[in-house]
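J.: Encoded as structure tokens, here's the structure I'll be asking about.
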Protein chains: 2
Amino acid sequence: MSQYALGLDFGTESARAVLVGVTTGTTMATAVAPYPDSVIDQRLPGTNALLPPDWALQNPADWLSTLEKTIKQVMAESHTTPREVVGIGIDFTACTVLPTKSDGTALASLPGLREHPHAWAKLWKHHAAQPQADRVNAQARDRGEKWLPRYGGKISSEWLIPKALQLLEEAPEMYAQADRIVEGADWVAWQLTGTLARNACGAGYKGTWHKGDGYPSAEFLAALHPGLANLYTAKMAGPVVAPGRRVGGLTSAWAERLGLTAGTPVAAPIIDAHAAAIGGGVVGPDVLFMIMGTSTCHMLMAEREVQVEGISGVVEDGIVPGLFGYEAGQAGVGDIFAWFVESATPPDMHAEAAHRNVLLHTVLSEKAAALRPGQSGLLALDWWNGCRTPLVDADLGGVVLGYSLTTSPEAVYRALIESTAFGTRLIVELFTSAGVPVTSMRAGGGLTKNETLLSIYADVLGLPLEVSGSEQASALGAAILGAVAGGAHASVAEAARVMAPPPSRKIAPHPEHRAVYEALYHEYCRLADFFGRDANSTLKRLRALQR
Amino acid sequence: MSQYALGLDFGTESARAVLVGVTTGTTMATAVAPYPDSVIDQRLPGTNALLPPDWALQNPADWLSTLEKTIKQVMAESHTTPREVVGIGIDFTACTVLPTKSDGTALASLPGLREHPHAWAKLWKHHAAQPQADRVNAQARDRGEKWLPRYGGKISSEWLIPKALQLLEEAPEMYAQADRIVEGADWVAWQLTGTLARNACGAGYKGTWHKGDGYPSAEFLAALHPGLANLYTAKMAGPVVAPGRRVGGLTSAWAERLGLTAGTPVAAPIIDAHAAAIGGGVVGPDVLFMIMGTSTCHMLMAEREVQVEGISGVVEDGIVPGLFGYEAGQAGVGDIFAWFVESATPPDMHAEAAHRNVLLHTVLSEKAAALRPGQSGLLALDWWNGCRTPLVDADLGGVVLGYSLTTSPEAVYRALIESTAFGTRLIVELFTSAGVPVTSMRAGGGLTKNETLLSIYADVLGLPLEVSGSEQASALGAAILGAVAGGAHASVAEAARVMAPPPSRKIAPHPEHRAVYEALYHEYCRLADFFGRDANSTLKRLRALQR
């Protein structure tokens, strides 16, 4: 009998299911279903009340309806029998949290509550808890909370404590009714199995959990707001489980609804970006995995925990059980190139792209590839969207130096790509100097289609760069976790070796570009210090003047 | 009997004549004629031999044919009788020099020589003498030549000594045949009057002449090249005469050819930019006059000579007899905006301009005007074409700081305008701190059509800014000098008071913008120091990598 694992990938706009052979890694079928209510950032479904700015919600019912639809579709398309499904894995955006009753009922599904925005799931990109985040960070700094450095000295408004504090402060009655506050990922697993557990990835990277130290103390929470003291003890109750460990078996009700076998193991979930590392075959130390899209998320594993400046988090069991998962980030990457194409590229380039029926990015990349490193005389700092790692400072801005009257659009485009590569190298050097080695890189995400960019990254980093072999690495990563939970493989690493495809290609650095990029990177670091580390930096004063 | 003065304005592409009433300032007629051979930068007329790169020549015969044509035209159109013309003034590009025989015959007109590029007039923008300029500057620095600081510590390849040295080194036989080397301005006056004099403006700003100290020494010249020792004593012979003083009277031959009266006084010429100050009515201290076009030339007068960092020159009698004329410069101004429009503005802006049938500059300026100072979070350094005053460094590049993902084209455009205003303020503060006061500004040139720019300049400088009332200020300035030489007025200042129109408009600074621009200017200065004064500046290293 063939054995398959189901991978469920819950994204921002849609859910996806894949069915993957556990001994072949072959994807038998894929199905995608958009969430009926999509991202809720204008008005609550069925009401006319406008949401405040920076709000972003989801409807938990959408997760269930789309998982049902997509699972049924892949089962039908692949002609798989229920008994051939050995396990189910889940990846999810995070921190995407919802308030529930103690039996798992989402408050958003209760009559009389669903008209209240705070009853709904707050999506990862809900940014309305910034005032709360500022207070959390200030208080944690003042008290010298030892968990803070694990998160680069600053947590995001997207994370659990700010979102919970916003709920408490703006809707205390809703907070009181919320017996539990739970990541969407864990809520789906809870629904499917009847068992509430907290996945170590979400708990660690977004919920400030630590395997040794646990959660921030009740004293810390009470100092933020007396009502928050019970956040972890009551509302976040439940064991923390490493991704791929079995949370429970599919309930009879859900087995019937989905056409699967009751008791089918469901794995502890994982965040979508981290699932992509597993699906991309990166399940051990030394290889930096990057999801390169509008921004870049860097993941790296090691056997010990050290402090690294400005990272997004370090979590034991956060990606692969038994290893410390490090996450770092660049706040703007593809976003910067998109800005350039939209706002700073002249008509002749647009016309050429239209004439050739290709993306403008393609035209610019081709022309940029014809320039040799250093030829343009340009250098940029990639801070259009601030700097996550290492400076953790949103109040910075992008910089371009060296313009002349003959500076071409493609020269600027290349400088922008190079700047993001320098930003990546800075992160890699932070890791290596902290004792977390990086010997190669592997990348996934939309930007890996850009060969010019890949080549520049390999050259700037002086490291080989592999491109992830999977087109849907997150969903595959989830399936791998499902296979492990189902006992088809003894470990995530073993499962990935069998189920994850090899890299689609490998780009080697050009030795002849090394010296120039060393020199340019030196200048990048000098400018990053000058503009980024000085409290009186011009960039910070410009932002202050702007307000 | 009415009295008129002729102003002859020799530009880069064409000559212009104006006839102006000496008591009314009314321009009776204007005529423009393009030079038949135009700018000679590809091949010599009548030959197929390509000129080397960076060469730019003119045909001296073109100056004479166009002056004849335009004078006859204005005389005919205005129905003026020859006796009503009291004097003739001349302004000219500089340093535009030609080799001649001792009787004034241009070598370019001699059979057997005219096939040789070095026989022709080297136009101001002939840049092929850069190696010679580098050696002149290095040797002057090494020897501590006291004239060097009067020129900001560096003279340009456009000036007399480098051009003469190039002639000597590349065509020694031509140098030997050149009994005289003479500015085009002075050559035209010589032709018209039979008298060779050197106008103090050209001699001072381009020929390193000083009223007290004379020219650089024969020892200095001999150290550059033994053959150059006699440059000033022999080839540059002739008295130096302040602009507006009488050089001589029109010869009978030229009077007949032009239909004017023999003996009509011809004034010592002036450089075109400096003539524009006079035509713009700026003939005394305290008012900074700016010609704002692709670059900006700043002129300021004072009653004493002091050292000011990085100025283009300080010359006694250089603009108005009896005063010290200071000249400073910004190497790129309108050029930067043109680059932005050409290379960095997206199609929707172009489409809007086309739809409204206006210049893209108009669209950008309108949108930029709607932004308040500091709103964009941007700051720029205006060094796209290097920095003339105060840094005298071509190896710098433009900088833009503070980009975000929402930065708009008009925000960048405004930041570029502001950067050039900050550059002007830096120059003004250099003057005032050196003891040369500036209490207001007056501007001419193409950029004065841009109201947004004018308003930003007034705000950034915190000074009222007037716009020159004359559309052809250089030619009017020349006519004013002609009137003075003809005795119609006792001084240039008196003539200008009568003949120059009042400013067309006056822009007052907005007090409410003062504080933000103070802060932004402070940052501009900080960055200018960081990037401009450090020998290890990133901008200089980027240029070094580029080569």
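Read-outs: derived from the displayed coordinates by stated rules, not from any lab. Source: prediction; values computed, not measured. So basically every Cβ, Gly included, is an ideal-geometry build from the backbone, and we count neighbours across all protein chains shown.
J.: Classify region A:1-104: rounded, prolate or oblate, from the alpha-carbon gyration tensor (a ≥ b ≥ c, eigenvalue square roots; a/c under 1.5 rounded; otherwise prolate if a/b is larger than b/c)?
T.: Values: a/c = 2.75, a/b = 2.43, b/c = 1.13.
Prolate shape, in that a/c is at least 1.5 and a/b is the bigger ratio.
J.: Okay, next question. What is the set of long-range amide H partners of residue A:14 at a cut-off below 5 Å, with H atoms built 1.01 Å from backbone N?
T.: Distant-sequence amide H within range of residue A:14: A:35.
J.: P(r) for the protein assembly as shown: what percent of alpha-carbon pairs falls in each 20 Å bin, starting at zero?
T.: P(r) for the protein assembly as shown, in whole percents per bin: 12, 33, 27, 16, 11, 1.
J.: Now for a separate question. Could you size up the charge dipole of the protein assembly as shown around its Cα centre, putting +1 on the beta carbon of Lys and Arg and -1 on that of Asp and Glu, and report it in debye to the nearest 20?
T.: Values: 86 positive and 108 negative charges, 70 e Å.
It comes to approximately 340 debye.
J.: Defining the label point at 7 Å along Cα→Cβ, can you sort the distances from residue A:213 to the same site in each other copy, shortest first, in nm?
T.: List, nearest first: 6.9 nm.
J.: Determine the relative contact order of region B:357-493: mean sequence separation of Cα pairs under 8 Å and six or more apart, normalised by residue count, in whole percent. Spell out each step's value before the answer.
T.: Details: 135 pairs, mean separation 28.0, N = 137.
Value for region B:357-493: 20 percent.
J.: Rounded to the nearest 5, what is the percent of antiparallel bridges among the DSSP beta bridges in the protein assembly as shown? Don't skip to the answer; put the middle values down first.
T.: Values: 105 of 149 bridges.
That works out to approximately 70 percent antiparallel.
J.: Please average, across the residues of A:403-415, the number of beta carbons from any other chain that are within 10 Å of each residue's own beta carbon, and give a whole number. Please list the in-between numbers first.
T.: On the way: counts 17, 12, 14, 4, 6, 2, 2, 0, 1, 2, 0, 0, 0.
Per residue, the number of nearby Cβ atoms from other chains is 5 on average.
J.: Further, regarding this structure: Only Cα pairs under 8 Å and at least 6 apart count here; give the relative contact order of chain A as a rounded whole percent. Don't skip to the answer; put the middle values down first.
T.: Working: 1260 pairs, mean separation 92.6, N = 547.
For chain A, the relative contact order is 17 percent.
J.: To continue, here is another question. Which Rg and Dmax, in Å, describe the Cα atoms of region A:288-392?
T.: 18.2, 54
J.: Starting with the fewest neighbours, write out B:113, A:378 ranked by other beta-carbon atoms found within 10 Å of each beta-carbon.
T.: On the way: B:113 18, A:378 27.
Ordered from fewest to most neighbouring Cβ atoms within 10 Å, B:113, A:378 come out as B:113, A:378.
J.: Per residue of A:539-547, count partner chain C-beta atoms within 10 Å of its C-beta, then hand back the mean as an integer.
T.: Working: counts 5, 0, 9, 10, 4, 3, 12, 9, 3.
For this peptide, the per-residue mean of nearby foreign Cβ atoms is 6.
J.: Would you please state the base-10 log of I(q)/I(0) at q = 0.20 1/Å for region B:409-547, with intensities from the Debye formula using one equal scatterer on every alpha carbon?
T.: -1.19
J.: Using the 10 angstrom Cβ neighbour count as an exposure proxy, how do A:517, A:326 rank, fewest first? Write out the running numbers ahead of the final one.
T.: On the way: A:517 23, A:326 28.
The most exposed by this proxy come first: A:517, A:326.
J.: Report, in order of residue number, the helices in chain B meeting two criteria: a C-alpha extent of 27 Å or more along the helix axis, and a mean Kyte-Doolittle hydropathy of at least 0.0; treat each whole DSSP H run as one helix.
T.: Values: long enough: B:60-78 (28 Å, -0.29); B:409-433 (36 Å, 0.53).
Span-like helices in chain B: B:409-433.
J.: Out of B:51, B:3, B:34, whose Cα points farthest toward the positive end of the dipole of region B:1-83 (charges: +1 Lys, Arg; -1 Asp, Glu; placed on Cβ)?
T.: Of the options given, the answer is B:3.
J.: Residue-wise, which Karplus ³J(HN,Hα) couplings in Hz belong to region B:379-391, taking 6.51 cos²θ - 1.76 cosθ + 1.60, θ = phi - 60°, and x for glycine or proline?
T.: Working through the residues one at a time gives 8, 10, 10, 8, 10, 3, 10, x, 10, 7, 8, x, 8 Hz.
J.: Right, something else. Among B:523, B:466, A:173, which comes first, second and so on when ranked by fewest other beta-carbon atoms within 10 Å? Please report the intermediate quantities before stating the final value.
T.: Numbers: B:523 20, B:466 25, A:173 10.
Starting with the residue having the fewest Cβ neighbours, the order is A:173, B:523, B:466.
J.: Another question, then. I need the phi-derived Karplus couplings for region B:211-223: 6.51 cos²θ - 1.76 cosθ + 1.60, θ = phi - 60°, integer Hz, Gly and Pro marked x.
T.: Running phi through 6.51 cos²θ - 1.76 cosθ + 1.60 with θ = phi - 60° gives 4, x, 9, x, 8, x, 6, 4, 5, 4, 5, 5, 5 Hz.
J.: Residues of A:381-387, mean number of Cβ from any other protein chain within 10 Å of their own Cβ, rounded to a whole number?
T.: 3
J.: Among bridges DSSP assigns within chain A, what percent are antiparallel (round to 5)?
T.: Values: 50 of 72 bridges.
Just about 70 percent of them are antiparallel.
J.: For chain B, evaluate the Debye formula with one uniform point scatterer on each Cα (no solvent term) and list log10 I(q)/I(0) at q = 0.06, 0.10 Å⁻¹, rounded to two decimals.
T.: -0.29, -0.83
J.: Just check region A:487-532 against the gyration tensor rule for me: Cα atoms, a ≥ b ≥ c as the square roots of the eigenvalues, rounded for a/c under 1.5, and otherwise prolate or oblate depending on whether a/b exceeds b/c. Working shown, then result.
T.: Numbers: a/c = 6.10, a/b = 2.25, b/c = 2.71.
Oblate is the answer for region A:487-532, as a/c is 1.5 or above yet b/c matches or exceeds a/b.
J.: Mind jotting down the three principal axis lengths of region B:203-319 based on Cα atoms? Whole angstrom, largest first.
T.: 47, 41, 30
J.: Can you compute the charge dipole magnitude of chain A about its Cα centre, using +1 on each Lys and Arg Cβ and -1 on each Asp and Glu Cβ, nothing else charged? Give it in debye, rounded to the nearest 20.
T.: Details: 43 positive and 54 negative charges, 73 e Å.
Computed charge dipole of chain A: roughly 340 debye.
J.: Could you point to the residue in B:236, A:522, B:178 farthest towards the positive end of the protein assembly as shown's charge dipole, with +1 and -1 charges on the Cβ of Lys/Arg and Asp/Glu respectively?
T.: Highest projection toward the positive end goes to A:522.
J.: Follow-up question, since we're still on this one. Please list the non-local residues whose amide H lies under 5 Å from the amide H of residue A:126, H modeled 1.01 Å from N, same-chain partners needing a gap of 5 or more.
T.: Amide H to amide H, under 5 Å and 5 or more residues apart or across chains, residue A:126 pairs with A:56.
J.: Oh, and also: Based on the alpha carbon coordinates of region A:325-441, what radius of gyration and maximum Cα-Cα distance (Dmax) apply, in Å?
T.: Values for region A:325-441 (Cα only, Rg and Dmax): 15.8, 51 Å.
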